[in-house]
1. Which net charge results when you count Lys and Arg as +1 and Asp and Glu as -1 among the other residues whose beta-carbon is under 14 Å from that of Asn56?
2. Sort Arg91, Arg8, Arg47 by accessible area with a 1.4 Å probe, largest first.
3. Phe75: net charge of surrounding residues, Cβ under 15 Å, Lys/Arg +1, Asp/Glu -1, itself excluded?
4. With all protein chains present, how much of the accessible area of segment 18-93 (probe radius 1.4 Å) comes from carbon and sulfur, to the nearest whole percent?
5. If you take every residue apart from Tyr31 with its C-beta less than 9 Å away from the C-beta of Tyr31, what net charge results, scoring Lys and Arg +1 and Asp and Glu -1?
Amino acid sequence: MIESILLRRQIGMKKNGMLESKHMYLRSLHYNPLGDVKTMCPPKDWRSPPTIDMFNDILRTLAKKYDLPFIDTNFIYAPMWDAAEDWCHHRTG
């Protein structure tokens, strides 16, 4: 499914003359706080850390396959994903 969305996007960009890689990239998804909708059985929200990791692996694979830049910001966000006061929005100072 993700790949078909990416392919449709590429076809649309090609029609508009925007297929150069500078116009399209893939970025990693970040972890979301655990809560009732992610930890209930069955979960109503799929964004648990293991699922996000699998999704990012798929994005990395597709980026390589289609020669697109992949921007991985998890090395910044992952160590503090559950540290925000409200478990979601990080603020400075």
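1. +1
2. Arg91, Arg8, Arg47
3. Summing Lys/Arg as +1 and Asp/Glu as -1 gives 0.
4. Here carbon and sulfur together make up 59 percent of the probe-accessible area.
5. -1
The values are calculated or read from the model by the stated rules, or taken from the named source; none is laboratory data. Here the structure is a predicted model, which is why all the values come from computation and not from measurement. Every residue, glycine among them, receives a Cβ derived from its backbone with ideal geometry; neighbour counts consider all protein chains shown. Quick note on the areas: whole protein, heavy atoms, side chains included, nothing else; ligands and nucleic acids left out. Shrake-Rupley method; radii C 1.70, N 1.55, O 1.52, S 1.80 Å.
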